[in-house]
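Working notes, beginning with the structure itself.
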């Protein structure tokens with residue numbers, strides 16, 4: 001298992017592209033759910049878009065600080081990873097509202113990780129994510 005300091009994106013442009021793609025999926029799934037429930041509201045969409053832009057600004061600020069101060073790349077990777085994790089949790093919630101069954105261990109692990117990140121409990125986040133990956137590996141082995 002890699003440590004957080006060894007974590008890196010396959011290509012540098014993925015630091016921005018991956019969060020943008022997850023944000024776009026979140027916007028689309030959120031809009032579809034609101035449309036399905038006949039609760040499309042421009043103020044909620046506007047507020048959501050402002051929040052998404054704020055997330056991207058955090059990554060941009062991390063990039064600037066990384067280059068300007070010569071800080072390690074894993075700092076901006078951590079910021080981007082946090083944004084991606086938040087968006088994945090939101091995407092899974094939206095997809096579940098669409099009626100797609102999500103395995104309980106996945107939604108539980110992601111929800112718990114999101115709560116732990118919000119409370120800055122990174123050791124618990126790492127433990128929970130490691131546990132989720134172990135479960136995924138175990139399920140893959142069972143398939144073989």
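Before we move on, is residue 137 assigned by TED's automatic domain parsing to the domain that holds residue 22 and either within 22 Å of residue 8 (Cα to Cα) or at pLDDT 85 or above (or both)? Outline the logic, then answer.
Details: assigned by TED's automatic domain parsing to the domain that holds residue 22: no; either within 22 Å of residue 8 (Cα to Cα) or at pLDDT 85 or above (or both): yes.
No: the conditions fail for residue 137.
The single condition among (1) surrounded by 15 or more Cβ atoms within 10 Å (Cβ to Cβ); (2) closer than 27 Å to residue 131 by Cβ that residue 101 does not satisfy is (1). If you go through region 61-95 and keep only what is closer than 30 Å to residue 36 by Cα and under 9 Å from the mean Cα position of the chain (by Cα), you end up with 82, 83, 84, 85, 86, 87, 88, 89, 90, 91. Does any residue of region 11-34 turn out to be without any contact (Cβ under 8 Å) to a residue 40 or more places away in the chain, loosely packed, with under 11 Cβ neighbours inside 10 Å, more than 19 Å from the chain's Cα centre (by Cα) and part of a helix (DSSP H, G or I)? So far as region 11-34 goes, no, none of its residues is without any contact (Cβ under 8 Å) to a residue 40 or more places away in the chain, loosely packed, with under 11 Cβ neighbours inside 10 Å, more than 19 Å from the chain's Cα centre (by Cα) and part of a helix (DSSP H, G or I).
The values are calculated or read from the model by the stated rules, or taken from the named source; none is laboratory data. Note that the structure is a prediction, hence the values are computed from the model and not measured. Please note: Cβ atoms are built from the backbone with ideal geometry, for glycine as well, and neighbour counts cover all protein chains shown.
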